[in-house]
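Undergrad: Before we start, here is the structure in question, set down as structure tokens.
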Amino acid sequence: KQWYQRRVAITAGIDRLLMNVAGTSAATPTVAGLIALANDARLNAGKPVLGFLNPFIYLNPDIFFDVTLGPPSSACWLDDLEGYPLSEGWDPVTGFGTPDYHRLVAAAMKY
């Protein structure tokens, strides 16, 4: 998958000016919102919230779109190094990848 295929586009309105935001500052609250929606679905079904997520994530890597193609992350550059490359599975740039909401909720309901 190309690195740009599954990016989250967020447009923020500040003082009536529209601007695109990206990066960790945009992705982290977006993923937190998806987890909150999965927890909401669990609570509505009488189940507890997911809690500590690492076991759930490692048991369900298929809930993510694995980003495998694209340039090294400029956010990970050190001095004149080229950054970390993308790879199949977990990598330091994209982690497991981009969450798929429907797969996330389905896995959360089975967990």
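Computed from the coordinates by the stated procedures, all read-outs in this text should not be read as laboratory data. Predicted model, so just to flag it, every value in this text is computed and none were measured. Cβ placement follows ideal geometry from the backbone for every residue including glycine, while neighbour counts extend to all protein chains displayed.
Undergrad: If amide H atoms are built 1.01 Å from N in the plane of the peptide, which residues on other chains or at least 5 residues away come under 5 Å of the amide H of residue 64?
TA: Excluding prolines and chain starts, which carry no amide H, the hits are 100.
Undergrad: Right, something else. Counting only other residues whose beta carbon sits under 13 Å from that of residue 105, what net charge do I get with K and R as +1, D and E as -1?
TA: Details: positive: 42, 47, 103, 110; negative: 40, 100.
Computed value for this residue: +2.
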